[in-house]
Amino acid sequence: MTRLNSIKDLEIIRTACVLEQKRKPITVTVCAGTGCATCGSTKLADTFLKEIQRKGLHERVALRRSGCHGFCERGPVTTIMPNKICYLQAKPEDVPEILEKTIVEEGVVDRLLYVDPQTGGRISNIDDIPFYKYQRRELLEKISAIDPTAIRTYFAVGGYSALSSVLTKMKPGEVIQEIKDAQLRGRGGGGFPAGIKWETTANAPGETKYVIVNGDEGDPGAYMDRSILEGNPHGILEGLIIGAYAIGASKGYFYVRQEYPMALDNVKLAIEEATEHGLLGKNILGTGFDFSVSIHRGAGAFVSGESSALMNAIEGHVGEPRPKYIHTSVQGLWEKPTCLNNVETWANVPLIINKGADWFNSMGTEGSRGTKVFSLVGKVNNTGLVEVPMGITLREIIFKIGGGIPKGRKFKAVQTGGPSGGVLPESMLDLPVDFDELNRAGSMMGSGGLIVMDEDTCMVDTARYYTDFLAHESCGKCVPCREGLRRMLDILTDISNGNGREGDIELLEDLAEVLQQASLCALGKSAANPVMSTIRYFREEYEAHIRGKCCPARMCKELVRYRIDEEKCEGCGLCEKGCPNGAVSKIGDKMYAIDESKCIKCDACFAACPDKFKAVQKINTNGIAAEMAA
């Protein structure tokens, strides 16, 4: 391994890496991120490698195992460059045909292409697929262009050029000013201006200072930071080194969840490669700047994503927050000035240095510049990882990129910002997505989770689910959060079970105010958002549960029962096969019935009944049947 002792050495190796890639004009890239790996992409890539050799194509075809391509709903994702051909859900047995038709015959394998649901036409170019077409992939584009386990592929796309510019052409204060001019706001949830945080840490008294990557992503359904850690660890590392230079830190940490094994492995390897090449350690690139990085594995506590709790964990203490009368940027890790930003924030830094603050400001809104990465999940056709400019509307994300709601169901709501975020109704689909607009709507940006809900979602149960999660994840240090969330959960559970009483809604609102005003950290202060937003926009559902003892969405078990419509039942028997408790039995040649004394309300029979029959119905206590099958 060659150590790079100067900026010139870095340019020499970059030129060599670019030439290496040009020797093979065709690149087959297989997504090796966690999502596609679970769909068999490892075996798919292995098969490509063997077939490329067997067919004698190795002189002009390279195989790359990249990070997440984003279109997780259709994984594994395979792209063939430079023609940008995209194949979805390919299997190892498809590989010989792919290579023959795409490489040898210069055609395409039609059955593996994206099918436009509107026209039925097949799309081969990845840029024309709606999921990708309406994005602006500044951070994510590089992930599909590199192998996260090979630093040379990062060099080939300009890796560490921002660092070399900073170390040779910019003073620390100038770097901070560039980040301030870019108006980069923290992507971890709070949206605090990164440049101001950097400046505060740099100006804080004391010579010893630290920088930290917050990779403790614990939101249900969120995997933005995980995918960037897995797919471009060097991009984050480069941003961290730049931040350390600007702030005056000589030591940094990656705080990564233990549940992210691939991310941990790739970050560890990136640190080792950067150290061997002289990009970490003493006298980086011969400039006299010293900086080293360590990894701390998070134990999985959601509250450890909070800055002071995270720092307590690194110090070896219980991951619980500290009082905020002194900010961590002044007195953080081991009581030294510490700058903590999340994964996506650090990853934006090299882009801003290379392309400039004006470029970053050309995207987004007045108060929220740049792009934002979201995990789009839930009741939406195209789930996956998306990157869009700030200010795009919820409607554009859900219906243009996400492809709308499955099975023709009606959109009902979307939750933004994770378990501490708010639930927004259909009337707010045209809301611009940025920090300030979401806050005004009673929600938040959070780290970037978007969970789409259809007409079958109960808003009371949704609030109960997230309150239950937060009550279990509360560290218990402060009374408002510890006791307030438990009492909220009790009330929501009673309402969901049909035991709600008049005044419960008002009591929830009072508890929410206490949480917001008196909790020690952001977990408690924002924990009431799911409850308050659902009351604000779906109050009638709470009233139906309390006064009518019914669930309009027919999802609360204690408020529904099941029956089979005699006229619609065709006797297929799928409901009987699906029932785990023997509650469904045959009572005629073509008729089944449900014994309510045995029914455990698991929804299995309802889900098993084919859409074309819709014979299994949910009956609410108000006597109205849900004329639909899952």
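The packing ranking of peptides 438-447, 502-511, highest mean first, is 438-447, 502-511, where packing means the average number of other beta carbon atoms within 10 angstrom of each residue.
Pairs with C-alpha atoms separated by more than 18 Å, drawn from the list Lys50/Lys91; Lys251/Lys355; Lys8/Lys355; Lys577/Lys598, are Lys251/Lys355; Lys8/Lys355.
Where Lys and Arg each count +1 and Asp and Glu each count -1, what net charge lies around Lys336 among other residues with Cβ under 13 Å from its Cβ? Mind showing how you got there, number by number?
Numbers: positive: Lys209, Lys251; negative: Glu207, Glu315, Glu335.
Here the charged neighbours net out to -1.
The fewest-to-most ranking of Asp219, Asp358, Asp116 by surrounding Cβ atoms within 10 Å reads Asp358, Asp116, Asp219.
Which net charge results when you count Lys and Arg as +1 and Asp and Glu as -1 among the other residues whose beta-carbon is under 14 Å from that of Glu596? Mind dumping the intermediate values first?
Working: positive: Lys557, Arg561, Arg563, Lys598, Lys601, Lys618; negative: Glu558, Asp595.
Net local charge, Glu596 excluded: +4.
When all alpha carbon pairs of region 417-492 are counted in 10 Å bins from zero, the resulting P(r) reads 17, 44, 33, 7 %.
The residues packed around Phe302, meaning those with a beta-carbon under 11 Å from its beta-carbon, carry a net charge of -4 if Lys and Arg are +1 and Asp and Glu are -1.
Helix 233-247 sits at what angle to the longest principal axis of the chain, using alpha carbons and giving 0 to 90 degrees rounded to 10? So the inclination is approximately 60 degrees.
Restricting the chymotrypsin sites (Phe, Trp or Tyr not before Pro) of region 298-350 to loop positions (DSSP other than H, G, I, E, B) with no more than 15 neighbouring Cβ atoms within 10 Å leaves Tyr325. For region 511-535 versus region 413-448, the inter-centroid distance based on Cα atoms is 15 Å. With N the number of residues in region 452-551, Rg(Cα) / (2.2 N^0.38 Å) evaluates to 1.02.
Loop-only trypsin sites (Lys or Arg not before Pro) in region 278-337, please: DSSP not H, G, I, E or B, and at most 13 other Cβ atoms within 10 Å.
Working: sites: Lys282, Arg297, Lys324; in loops: Lys282, Lys324.
Counting only loop positions with at most 13 other Cβ atoms within 10 Å, the trypsin sites (Lys or Arg not before Pro) in region 278-337 are Lys282, Lys324.
Using only Cα atoms, tell me the angle between helix 172-182 and the longest principal axis of the chain; keep it within 0 to 90° and round to the nearest 10. Approximately 40 degrees, to the nearest ten. Annotation note: GluC sites (Glu not before Pro) in region 37-100 located in DSSP loop regions with a Cβ neighbour count of at most 16 within 10 Å are Glu59. For region 526-596, the direction-averaged projected area of the alpha-carbon convex hull comes to 7.1 nm².
Given N residues in region 557-626, what is its alpha carbon radius of gyration divided by 2.2 N^0.38 Å?
Numbers: Rg = 11.0 Å, N = 70, 2.2 N^0.38 = 11.1 Å.
Normalised by 2.2 N^0.38 Å, the Cα Rg of region 557-626 equals 0.99.
Please give the calculated 222 nm ellipticity per residue for the chain, where each DSSP H segment of at least 4 residues contributes -39500 (n - 2.57) and the sum is spread over every residue; nearest 500 deg cm²/dmol? Intermediate results must be reported in sequence, preceding the final value.
Details: 24 runs with 236 residues, N = 630.
Result for the chain: -11000 deg cm²/dmol, rounded to the nearest 500.
Kirkwood analysis of the Cα pair distances in region 70-128 returns a hydrodynamic radius of 11.7 Å.
Dimensions of region 14-137 from C-alpha coordinates, computed as largest minus smallest value along each principal axis and given longest first, are 43, 32, 28 Å.
Between 0 and 90 degrees, the angle of helix 479-496 with respect to the longest Cα principal axis of the chain falls at about 40 degrees. How large is log10 I(q)/I(0) at q = 0.08, 0.10, 0.19, 0.22 Å⁻¹ when the Debye formula is applied to the Cα atoms of region 259-405, each weighted equally and without solvent? For region 259-405, the Cα-only Debye profile gives -0.35, -0.55, -1.29, -1.27.
So what is the orientation-averaged projected area of region 159-360, using the convex hull of its C-alpha atoms, in nm²?
Values: hull surface 41.2 nm².
The orientation-averaged projected area of the Cα hull of region 159-360 comes to 10.3 nm².
If you take the beta carbon distance between Lys568 and Asn381 as r and set R0 to 22 Å, what does 1/(1 + (r/R0)^6) give as a FRET efficiency, to the nearest 0.05?
In this case the efficiency is close to 0.20.
Annotation: Cα Rg of the chain relative to the compact-globule expectation 2.2 N^0.38 Å equals 1.04. Full extension of the chain between Thr42 and Asn361 yields a length gain of 110.9 nm, computed as 0.36 nm times the residue separation minus the alpha carbon distance.
Read the figures in this text as sums done on the coordinates, not as results from a lab. Given the structure is predicted, the values throughout are model-derived calculations rather than measurements. Every residue, glycine among them, receives a Cβ derived from its backbone with ideal geometry; neighbour counts consider all protein chains shown.
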